[in-house]
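The values are calculated or read from the model by the stated rules, or taken from the named source; none is laboratory data. Worth saying up front: this structure is predicted, and the values here are computed from it rather than measured. So basically every Cβ, Gly included, is an ideal-geometry build from the backbone, and we count neighbours across all protein chains shown. What goes into the accessible areas is simple: the full protein's heavy atoms, side chains included, and nothing from ligands, DNA or RNA. Shrake-Rupley method; radii C 1.70, N 1.55, O 1.52, S 1.80 Å.
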Amino acid sequence: MKKVFLNTLFIFLFSLWMFPVSANEIELDMPTFSDMKNAVQKSTNNVKDSAIQKTDDIKNNLEETLENAKNITENRMEGWKLKGKEKIQQGKEKIKKAKENANGALLKAGGKPTDESLSKLTKKEKQDLLLKYQDKGYYGTLPNIEREFDYIKQISKKTNLKNKYKDTLIDEMNLKKTPLDDELFLDVILKKEKDSKYTKDVLRMIPVFERFKDCISNFCDIQKFNANVNLVDLYARRLEKDYGNTNDAMSESFYLIRNVAYLAKLQGNLKYEANFYSKYMPLTGTIYSKEEIAKKDLELLDELNKTIFTLQQLK
């Protein structure tokens, strides 16, 4: 603004020097202060508008450049993705072709196909293959079972006990016997916990099994035999009702009791049927013969002895 004012003043003085006029003319031609202010304001506004326009142009150019760069980058990324997919597809096709070539070579050398392409064959081709390779071995790819036997190849140093106890061998001949006659040892060292309700219930069955065993050993009649069978079955069903859903149901004694009850019922039915059929036909050579029934009695006696021994260990 200062520069414009000086230029205007210089032009005014130069015009006075070159073209001298009267005082009145000077007053008439001399610009007023308000005109000079308007001129200066107009010049300032022009400069400001020009600066704003240039700034807007630069901003627009920058935005356009960024948008172009973004579009170029996106186009390149799409191109790379397409090329990557094409490469992967080409790799898959090469693998498939190599597999087919290998299978063809194996087929040519061994006379048997090893792939799993039955679904691609026609019905007639499948029938021809079945006829061609019938009774000639395996068709298809054998499963890899090597990993199932990897544990055989592994040698664990932690479980290698060789020479570990070499210097601490126990001389069994010099070991002292257990003092089972010492009451202090029996009461303190071998002190057992209190018997559970299940243990008390199964121990009550020992006399029942003992009587049943005597009945079989003494060749009692069918009526007494089945009476013992019914009593054993009654105890077994009661035991299953009370402890069938508890941890005691997984014990050996629980299983043996139920097994004896089951075998006893089978033997009772067998004897009843043998007695019934003996009136109408000979039983020799059948399951109802005396030899077969005696054999089943011995098997039942063995199970009874095993069960009684197991129950006695619970005392």
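Do the conditions hold for residue 272, that is, is it open to solvent by 30 Å² or more (accessible area, probe 1.4 Å), among the hydroxyl-bearing types (Ser, Thr, Tyr) and outside any helix (DSSP H, G or I)? Spelling it out, it is not the case that residue 272 is open to solvent by 30 Å² or more (accessible area, probe 1.4 Å), among the hydroxyl-bearing types (Ser, Thr, Tyr) and outside any helix (DSSP H, G or I).
Scanning the range 222-238 for any residue that is touching a residue at least 60 places away in the same chain (Cβ under 8 Å) and open to solvent by less than 90 Å² (accessible area, probe 1.4 Å) turns up nothing.
Looking at 308, 293, just one residue is at pLDDT below 90 and of a type in the set (A, V, I, L, M, F, W, C), and that residue is 293. For residue 255, the conditions (1) at pLDDT 90 or above; (2) out of contact with any Leu (no Cβ under 7 Å at 6 or more places or on another chain); (3) surrounded by 17 or more Cβ atoms within 10 Å (Cβ to Cβ) are fulfilled apart from (3). Within the set 116, 78, the sole residue that is of a type outside the set (A, V, I, L, M) and either at pLDDT 80 or above or touching a Lys or Arg at 6+ places or on another chain (Cβ under 8 Å) (or both) turns out to be 78.
Would you please name the residue that is farthest from the chain's Cα centre (by Cα), looking only at residues in the range 288-315 that are surrounded by 13 or more Cβ atoms within 10 Å (Cβ to Cβ) and aliphatic (A, V, I, L, M)? The residue in question is 293.
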